[in-house]
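Working notes, beginning with the structure itself.
Please treat every number below as a calculation from the coordinates, not as lab data. Model, not experiment: these values are computed from the prediction. Every residue, glycine among them, receives a Cβ derived from its backbone with ideal geometry; neighbour counts consider all protein chains shown.
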Amino acid sequence: MKKIILTLGLLLIASSALASTYTLTYIAGSNGRLSGATTQIVNEGDNGTPIVAVANQNFKFDKWSDGLLTSSRTDANVSSDISVTANFKALGSGGAKWLFFAGKLNTSIYNGMQR
């Protein structure tokens, strides 16, 4: 009986050594935080768990460092380590602002600054 248990034990060790695991690392950039597990160990082919980038007051989520534009993400069918940073930007940053005075378009103001 001991020989059978030992053989089964060796089989389990050999089997688990073949399974690949990957680390998913999520980092919050300046002006925000993350909700969810920031470090996840995932078996090859499995999915991570959801993580959400949450901006501080007066900031908004911009994008993840790998280009993903949604603030929440769940990495699926994992086949490699992943390390990404959530980037945030100030509210009102980027893009032109147009002001109308007495029905006329004033284009001399850009992002609140006069040219």
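The table that follows gives values for the structure above.
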{"quantity": "Wholly within region 17-57, strands (runs of 3 or more DSSP E) carrying at least 2 residues that are in contact (Cβ under 8 Å) with a residue 24 or more places away in the chain and within 13 Å of VAL78 (Cβ to Cβ)", "calculated": "21-28, 39-43"}
{"quantity": "Any hit, region 71-90, residues being under 9 Å from the mean Cα position of the chain (by Cα), over 15 Å from THR25 (Cα atoms), β-branched (Val, Ile, Thr) and part of a loop (DSSP other than H, G, I, E, B)", "calculated": "no"}
